[in-house]
Amino acid sequence: QVQLVESGGGLVQPGGSLRLSCVASGSIYRVNRMGWYRRVTGKQRELVAGITSGGSTNYADSVKGRFTISRDNAKNTVYLQMNSLKPEDTAVYYCNADLVLTGWANWRNYWGQGTQVTVSS
């Protein structure tokens, strides 16, 4: 069974930092693109940051200069370092990945269960 498991969410004061991690596990042959999305209550889920297997990155304008996405291909893990956090960053953060499973020719898209990030004083 393939899973994406996030960790690292929590409560932080404005201006603080958090680091999210997401590990992809199971019968995985290759991990292609990985990314982080977030959903604020009552709004649609939005892309926060993405990273290709080669390390190319893209960010939402609202987080540029504050968040950094990275990955460890040997560990099938993606990270999101979040600095200078603001109350408007409060959301459930979801990991997303395009995976090629062992024995399959094409990639499939997977989501993690989400981790809550709350920025409040």
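The values are calculated or read from the model by the stated rules, or taken from the named source; none is laboratory data. Predicted, not measured: the structure shown is a model, and the values here were computed from it. Cβ placement follows ideal geometry from the backbone for every residue including glycine, while neighbour counts extend to all protein chains displayed. Ligands, DNA and RNA are excluded from the accessible area calculation, which covers all protein heavy atoms including side chains. Shrake-Rupley method; radii C 1.70, N 1.55, O 1.52, S 1.80 Å.
Contact list please: Cβ distance under 8 Å, first residue in region 98-121 and closer than 14 Å to Val2 by Cβ, second residue part of a loop (DSSP other than H, G, I, E, B) and among the aliphatic types (A, V, I, L, M), pairs at least six apart or on different chains.
Hits for this filter: Leu99/Val2; Leu101/Val2; Tyr110/Val2.
Mind checking which residues of region 41-56 are over 23 Å from Gln3 (Cα atoms), touching a strand residue (DSSP E or B) at 6+ places or on another chain (Cβ under 9 Å) and either among the β-branched types (Val, Ile, Thr) or open to solvent by 80 Å² or more (accessible area, probe 1.4 Å) (or both)?
Thr41, Lys43, listed by residue number.
Hey, among the residues in region 84-121 that are of a type in the set (Val, Ile, Thr) and open to solvent by less than 10 Å² (accessible area, probe 1.4 Å), which one's nearest to the chain's Cα centre (by Cα)?
It comes out as Val117.
It is to be established whether one or more residues within region 10-28 are farther than 15 Å from Asn109 by Cα, surrounded by fewer than 16 Cβ atoms within 10 Å (Cβ to Cβ) and touching an Asp or Glu at 6+ places or on another chain (Cβ under 7 Å).
no
Name the pairs whose Cβ atoms lie under 6 Å apart, with the first residue in region 45-57 and over 12 Å from Ala97 (Cα atoms) and charged (D, E, K, R), the second modelled with pLDDT of 95 or more and not in a loop (DSSP other than H, G, I, E, B), and 6 or more positions between them or separate chains?
Arg45/Tyr37; Arg45/Arg39
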